[in-house]
Amino acid sequence: SIFCRNVLDGKTIKIFGDGSQIRSLTYVKDVIEIAKLTAVDERCRGEAYNCASGSQITILDLAKSIIDILGVKDAPIEFFDWRVGDIPYFEVSNEKLKNIGFDFKYRFDDGLRETVNWHVTKKNMHNV
């Protein structure tokens, strides 16, 4: 979201580290479905679930994908020192979700495109 807002506002994308950090991101609509499922399924009572989709992307590739979706040429990216405590590789297991029958519906690219489009619409509404 910060990357998207910065590109839309003509600001620099700030990346801490070299951008090689790997994350597993999940589209918000999948998170909502997870919340709905676990709220009503008795097997889930008192349990914690990791919502990571398993789709991995580097922070730099995420920034480049957002720039690409927005069609902005030469959007500036600036690299800063690593933040204390940042994790180069972050992945958690979503096996518990799969074991209760949850299946992620959104591919990473589709969810990212919808997220970026939401930000564009929001910005356009505020500029009217």
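The values are calculated or read from the model by the stated rules, or taken from the named source; none is laboratory data. Just so we're clear, the structure is a prediction, and the values are computed from it rather than from any experiment. For neighbour counting, all protein chains shown are included, and Cβ atoms are generated from backbone atoms with ideal geometry for every residue, glycine included. All accessible areas refer to the heavy atoms of the entire protein, side chains included, with ligands and DNA or RNA removed. Shrake-Rupley method; radii C 1.70, N 1.55, O 1.52, S 1.80 Å.
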For the chain, give the percent of accessible area contributed by carbon and sulfur heavy atoms, probe 1.4 Å, rounded to a whole number.
53 percent
Full-extension gain between residue 95 and residue 120, please, as 0.36 nm times their residue separation minus the C-alpha to C-alpha distance.
5.6 nm
For the chain, what is the mean residue ellipticity at 222 nm derived from helices alone (per DSSP H run of n ≥ 4: -39500 (n - 2.57); sum divided by total residues; nearest 500 deg cm²/dmol)?
-13500 deg cm²/dmol
Out of the GluC sites (Glu not before Pro) in the stretch 1-82, which ones are loop residues according to DSSP with at most 15 other C-beta atoms within 10 Å?
47
Stretch gain in nm, segment residue 42-residue 103, where the contour uses 0.36 nm per residue and the Cα spacing is subtracted:
20.1 nm
With a ≥ b ≥ c the root eigenvalues of the C-alpha gyration tensor of the stretch 66-128, is it rounded (a/c under 1.5), prolate (a/b larger than b/c) or oblate?
oblate
Pick out, in residue order, every one of the trypsin sites (Lys or Arg not before Pro) in the stretch 41-80 that is DSSP loop and has at most 14 other C-beta atoms within 10 Å; say none if there are none.
45, 73
From the alpha carbon gyration tensor of the chain, can you work out the equivalent ellipsoid semi-axes (sqrt of 5 times each eigenvalue) and give them in Å, largest to smallest?
30, 20, 12
When the chain is fully extended, how far beyond the present Cα-Cα distance does residue 113 get from residue 80, taking 0.36 nm per residue of separation?
9.2 nm
What chymotrypsin sites (Phe, Trp or Tyr not before Pro) in the stretch 70-103 are in a loop by DSSP, with at most 16 other Cβ atoms within 10 Å of the Cβ?
82, 90
What do you get for the angle between helix 108-126 and the principal long axis of the chain? Use alpha-carbon atoms, 0 to 90 degrees, nearest ten.
60 degrees
